[in-house]
Amino acid sequence: MVKWLPAEKRRAERHERLVMGSRFDLLSLFTTLALLSTTTTTVLSDVVLSKVDRRIDLTSQIVRVTSTLKVENAGPGPVSEILLTFPEVQAKDLAYLTAALNEGKGKVRNSGSSLPINVVNPEGMPPSLTFHSISLPKALAEGDVLTIDVLAVFTHALRPFPEEITQADIQLVLFQDTAHYLSPYAVNVQSLTVRLPKARIETYTKLENTNVHGSDIKYGPYQNLPPFSYAPVAVHFETNQPFAVAQELVREIEISHWGNVQVTEHYNIVHGGAKSKGEFSRLDFQARPHLRGASAFKNLVAKLPPRAHSIYYRDEIGNISTSNVWGDPKKTELLIEPRYPLFGGWRTTFTIGYGLPLQDFLFESKGKRFINFSFGSPINDLVIDNIIVKVVLPEGSNDIFTSTPFPAKQGKETKISHLDVVGRPVVVLEKTNVVPEHNQYFQVYYRFNSLSMLREPFMLISGFFFIFVACIVYMHVDMSISKTSASYLAKMQWDEVRATIQQVQSVINQCLYTHEKLEASLRDLSRTGDVQACKTARKTADSLLKEYSKELKPLLSFLQSSPQATQILPKVEELVAKERELQERLIAKHSTIVDCYEKKIGGRELENRVASQQQKVVVLKQEVEDLLDYIEEI
């Protein structure tokens, strides 16, 4: 049956239906276990778990199950391995599993006493169960007793229930397990403690010997449990802990033998809790963040190695200033605050980077160098769906070997950076379903010739040396073309042609200026009626135009005789001809207007006499200007 804490009966019944409905995905498993409990093989029955103490920590999004197993060999033969059993629904979320010998109270445990664990497939077992074998350091003889501590860490084991909430709602999650320790061995005595983040519990399964003490739910003790005994339990409770999930994390660790380790981490983070629905009000969130955004998280804390320096935090937009750093001789902490609070289903991407002193992480052993660095993320309680760690070694490194404390996919790449010739070797490690317990040290061994460190300085010195030598040679060597060569003579002839064309253009422009003065005299005539002044202007213009015509003749003769001017000569001759025709039209127009003023003819009759001449003058002016532009471009 299910017990609820004081609340409205209707609300409690609704939660009970939800929790009971969520158990159906375990029914098929428990049916299988009921059959297995009567068909356990005799080999497994040799081992008895005389006492099992299980503790489930639900205070964060990562579920940690610590089990203390007191193992006794009740059979005649020695036992060299112990089997751990996980249902398929839990095995897919199992991220980390370790076992160590418990030497008893008051004794210091050896950190190197972790026991080897491998996945096995015992005969006659259903595929809905996953078995792990713990290899004992010494076979357990008949009647011997051994105590083992087992830590199992699960991700995505807390299911948001309901799956969508508003900004004002609290976040409720559902956890399912069995109150009895699932094992192929008989259990004499066992107990279970479930620790929650808060004392607020919506609903929980009540079995025999169930007690609630604050935020702890205790089941048991239970005695004389057969193999594969089970008792399904579900806990529906409130938690507003950050459900920060890195869907992908790429860590690049670049080694420089000049004394620095540069670490760059690219995060793609999503809030893995109950998805947010409805509108978001920043005003409500800032005014009452504990009520209008209890399920959101505003910041993350990264514990960086001591002596970290040159720390930065940025995203696609640029640098993010809402971060703080503080440290002591043992650690450096970076407070990461995104540009906006993250509610369920919301995501953000950012990059953090920092430098570290090389002497803290680079060592030598048996003639080889090795880098000793942590694998996981420095961010607290972060679940990583997929992590890629890239170790960039100096160019010229060889005989590379990688040692990791747990299985990880390995690969190699090459990175081209500044002043590289063949590129730097990159060791790539990839792993899925990573938790803080994976933040252990791994080693990358390699050989590197110290003389290779001089390659880049030598390249820089050589490059600057050749630049200076080239400048000196350029300043002291005569690079001009020989004056007797055909190309030099052709260049000189073309320069003469260009100079002559420029003189022609200058003379034509002077002619056009004279035309403007001649037309200005006609405008003055229409305004003052002074015919004599207009005639004087005409005589002056005639004199200037004759001089310009004389200047053009030798210039045209030179162009006609030069082979370099063959292509441009037709345009120059056309320009001169058009200008002369324009002269004639202007002089005819001037004579007609002066004659009409002397005969006192004006008005429309005067306009009719000069209309045709004026049209031709406008057309000729445009043609002359176009030819000047064309010659100027050439």
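The values are calculated or read from the model by the stated rules, or taken from the named source; none is laboratory data. None of the values given here were measured: they were computed from a predicted structure. FYI the Cβ positions are ideal-geometry reconstructions off the backbone, even for glycines, and counts take in every protein chain you see. The accessibility values were calculated without ligands, DNA or RNA, using every heavy atom of the protein model including side chains. Shrake-Rupley method; radii C 1.70, N 1.55, O 1.52, S 1.80 Å.
May I ask you to verify whether I384 is more than 27 Å from V428 (Cβ to Cβ), out of contact with any His (no Cβ under 7 Å at 6 or more places or on another chain) and aliphatic (A, V, I, L, M)?
no
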Only listed residue being touching a Gly at 6+ places or on another chain (Cβ under 6 Å) and of a type outside the set (A, V, I, L, M, F, W, C), chosen from G367, G344, G353, G411:
G344
Give the residues of region 99-120 that are touching a Ser or Thr at 6+ places or on another chain (Cβ under 9 Å) and either surrounded by 16 or more Cβ atoms within 10 Å (Cβ to Cβ) or at pLDDT below 90 (or both), sorted by residue number.
A99, A100, L101, N102, E103, G104, S114, L115, I117
Output for Cβ contacts, cut-off 6 Å, separation at least six or different chains, first residue in contact (Cβ under 8 Å) with a residue 40 or more places away in the chain and assigned to a strand (DSSP E or B) in region 175-197, second open to solvent by less than 30 Å² (accessible area, probe 1.4 Å) and polar (S, T, N, Q), reads N188/S50
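Report yes if L146 is open to solvent by 30 Å² or more (accessible area, probe 1.4 Å) and either under 38 Å from the mean Cα position of the chain (by Cα) or of a type in the set (A, V, I, L, M) (or both), otherwise no.
Spelling it out, L146 is indeed open to solvent by 30 Å² or more (accessible area, probe 1.4 Å) and either under 38 Å from the mean Cα position of the chain (by Cα) or of a type in the set (A, V, I, L, M) (or both).
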Output the residues belonging to region 485-516 that are open to solvent by 70 Å² or more (accessible area, probe 1.4 Å), touching a residue at least 24 places away in the same chain (Cβ under 8 Å) and out of contact with any Leu (no Cβ under 9 Å at 6 or more places or on another chain).
Q493, W494, E496
Unmet criterion (only one of (1) in contact with a Lys or Arg (Cβ under 7 Å, 6 or more places away or on another chain); (2) open to solvent by 80 Å² or more (accessible area, probe 1.4 Å); (3) among the acidic types (D, E)) for E623:
(2)
Restricting attention to region 67-86, report how many residues are open to solvent by less than 40 Å² (accessible area, probe 1.4 Å) and out of contact with any Phe, Trp or Tyr (no Cβ under 9 Å at 6 or more places or on another chain).
5
If I go through region 537-561 residue by residue, how many of them are more than 20 Å from E584 (Cβ to Cβ) and loosely packed, with under 12 Cβ neighbours inside 10 Å?
3
Report the residue count in region 590-618 for those that are open to solvent by less than 40 Å² (accessible area, probe 1.4 Å) and in a helix (DSSP H, G or I).
9
In region 342-354, how many are surrounded by fewer than 20 Cβ atoms within 10 Å (Cβ to Cβ) and either of a type in the set (V, I, T) or over 18 Å from the mean Cα position of the chain (by Cα) (or both)?
4
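Taking L249, is it crowded, with 20+ Cβ neighbours inside 10 Å, among the hydrophobic types (A, V, I, L, M, F, W, C) and either at positive phi or in a strand (DSSP E or B) (or both)?
The answer is yes for L249.
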Matching residues, region 121-143, being loosely packed, with under 13 Cβ neighbours inside 10 Å and either of a type in the set (A, V, I, L, M) or outside any loop (DSSP other than H, G, I, E, B) (or both):
S135, P137, K138, A139, A141
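Among the candidates R498, R538, R527, R580, which residue alone is within 60 Å of the chain's Cα centre (by Cα) and of a type in the set (K, R)? Steps first, please.
Details: R538 fails: within 60 Å of the chain's Cα centre (by Cα); R527 fails: within 60 Å of the chain's Cα centre (by Cα); R580 fails: within 60 Å of the chain's Cα centre (by Cα).
Only one candidate qualifies: R498.
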Scanning region 189-198 residue by residue, those open to solvent by less than 10 Å² (accessible area, probe 1.4 Å) and closer than 23 Å to S50 by Cα turn out to be Q190, L192, V194
Go through region 259-344 and tell me which strands (runs of 3 or more DSSP E), entirely inside it, have 3 or more residues that are closer than 16 Å to A244 by Cβ and at pLDDT 85 or above.
260-271, 300-304, 331-336
Select from region 199-233 the residues that are surrounded by fewer than 21 Cβ atoms within 10 Å (Cβ to Cβ), closer than 16 Å to R54 by Cβ and among the small types (G, A, S) and list them in ascending order.
S229, A231
Within region 265-278, can one find any residue that is buried (at least 16 other Cβ atoms within 10 Å of the Cβ), touching a residue at least 24 places away in the same chain (Cβ under 8 Å) and under 30 Å from F448 (Cα atoms)?
yes
